[in-house]
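Following: one structure in structure tokens, then a few remarks.
Read the figures in this text as sums done on the coordinates, not as results from a lab. These numbers were taken from a predicted model, which means no experiment stands behind them. Here the Cβ is made from the backbone with ideal geometry for all residues, glycine too, and neighbour counts use every protein chain on show.
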Amino acid sequence: MFEISSSSASGSVSHASSPLIQVRDATVVLGGRIIWQQVNFSVQPGEFLAILGPNGAGKSTLLKAILGLLPLSEGTITVLGQPARRGHTAIGYVPQRRHFEADVHVRGRSIVRLGLDGAHWGLPLPLVQPRQKREAAFRVQEAIERVGASAYADRPIGELSGGEQQRLLIAQALVKRPRLLALDEPLDSLDLRNQQGVAGVIRQISRETEASVLLVAHDVNPILSAVDRVVYVAHGQVAVGKPEEVITTETLSRLYNTSIEVLRASDGRIVVVGQPEEEVSYHAHRPR
Ligand code: ADP
Ligand code: MG
């Protein structure tokens, strides 16, 4: 774990409220290899954290550990004070790279509804009382409106663009009114216009609802204005802090153990030069 000035401890120091997520000394080993180790950070209510780093560094693994989908080798992760566990209703999750082929005829609204039922593909929706049914329809409509998908929510999802599908998947994650939205590369494979649109929707959700956001991204720029802190995963280590503290020539060079240059374009965009890609597949991290 990398200590980045005071903010690596900000979870426990500067906030009066108790953290939504608390990661303590967490280590994950997969296939006999340490993915990352001794990770410590917390997520406060309403906080927006970006999880950054190269492909294969362990970003999705970090989200899955918080979701209770894979075990830690060491340490603990708590969600609202309880050990992380699968299916926690406080977390809405959009996994990486989900898209629907053109021949999927299920309506967008039904996809959103699945977030309430936890129903599996092809199974009939459970029978519910009329009052519950009305409440369910209301929650689904609320989530659709939050992501701005009303105009196309009743069309077959396979016919929609990548950006429209992504908005509906975010609505699916929102429908239980979660305290935390965990989004794994929601901007991946979208064109620039849709990246900006979906990033804007997520920013707005984080302001309007009191949900915290943990968003895995390849490029921090589309979400930079919304981000409170970044969790940078690289080389088996994790650095946590404010973007201006973590995304620096000094910190990234230390994290990657090679020379990295961080440049600021005149429009405020951050450019990272020399960042090794796909590094992890070729490295064996030994316990330190
Ligand atoms: P990222 O999301 O940052 O691209 P991942 O978290 O998906 O990276 O994966 C981190 C590393 O863990 C990769 O090298 C990947 O191959 C490896 N990995 C993921 N799942 C497993 C598994 N079930 N068994 C062994 N290795 C795995
Ligand atoms: Mg991933």
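Restricting to Cα pairs below 8 Å that are 6+ residues apart, what does the relative contact order work out to for the chain? Please round to a whole percent.
Relative contact order of the chain: 26 percent.
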query = From the phi of every residue in region 257-262, what ³J(HN,Hα) in whole Hz does the Karplus formula 6.51 cos²θ - 1.76 cosθ + 1.60 yield, where θ is phi - 60° and glycine or proline is x?
reply = 6, 8, 7, 10, 10, 10
note = Per GNM of the chain with C-alpha springs under 10 angstrom, the most fluctuating residue out of 69, 116, 192 is 192
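Rounded to the nearest angstrom and ordered from largest down, what semi-axes does the equivalent ellipsoid of region 22-161 get from its C-alpha gyration tensor (root of 5λ)? Before the final figure, lay out the partial values.
Values: eigenvalues 221, 69, 44 Å².
One finds semi-axes of 33, 19, 15 Å for region 22-161.
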task = Check cross-link reach from residue 242 to the lysines: straight Cα distance under 30 Å, and skip same-chain residues fewer than eight apart.
result = 59, 64, 176
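Summing Lys, Arg as +1 and Asp, Glu as -1, what charge do residues with Cβ under 14 Å from the Cβ of residue 102 carry, residue 102 excluded?
Here the count lands on -3.
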note = One would report the Cα pair-distance distribution of region 171-224, bin width 5 Å, in %, as 4, 19, 33, 26, 13, 4
inquiry  = Apply the Karplus curve 6.51 cos²θ - 1.76 cosθ + 1.60, θ = phi - 60°, to the phi angles in region 80-89 and return the couplings in whole Hz, x for Gly and Pro.
reply    = 6, x, 10, x, 3, 9, 4, x, 5, 6
query = Once amide H atoms are built 1.01 Å from N in the peptide plane, which residues 5 or more positions from residue 213, or in another chain, come under 5 Å H to H?
reply = 47, 48, 49, 181
request  = Taking H placed 1.01 Å from N in the peptide plane, check which residues at least 5 places from residue 231 or on another chain put their amide H under 5 Å from its amide H.
outcome  = 50, 51, 52
inquiry  = Let me check I have the definition right: for region 101-176, take the eigenvalues of the Cα gyration tensor, multiply each by 5, take square roots. What are those semi-axes in whole Å, largest first?
reply    = 20, 15, 9
request  = List the extent of the Cα atoms of region 21-74 along each of their three principal axes, largest first, rounded to whole Å.
outcome  = 36, 23, 19
ask   = Could you give me the ³J(HN,Hα) list for region 237-253, computed from phi with Karplus coefficients 6.51, -1.76, 1.60 and θ = phi - 60°, whole Hz, x at Gly and Pro?
value = 10, 9, 10, 10, x, 5, x, 6, 8, 8, 8, 10, 3, 5, 5, 5, 5
key: Of 139, 269, 179, the one that fluctuates the most in a GNM where the chain has Cα springs shorter than 10 Å   = 269
Formal net charge of residues neighbouring residue 216 (Cβ-Cβ distance under 10 Å; K, R +1; D, E -1) = -2
query = What is the P(r) of the chain, as percent of Cα-Cα pairs per 5 Å bin from 0?
reply = 1, 5, 12, 16, 18, 16, 13, 9, 6, 3, 1, 0, 0
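Can I get the semi-axes of region 151-243's equivalent ellipsoid? Compute them from the C-alpha gyration tensor as square roots of 5 times the eigenvalues, in angstrom, largest first.
Values: eigenvalues 119, 49, 28 Å².
Each semi-axis is √(5λ); the values are 24, 16, 12 Å.
Can you give the net charge of the other residues whose Cβ lies under 12 Å from the Cβ of residue 71, counting K and R as +1 and D and E as -1? Intermediate values should be presented prior to the final figure.
Details: positive: 64, 85, 86; negative: 74.
Neighbourhood net charge equals +2.
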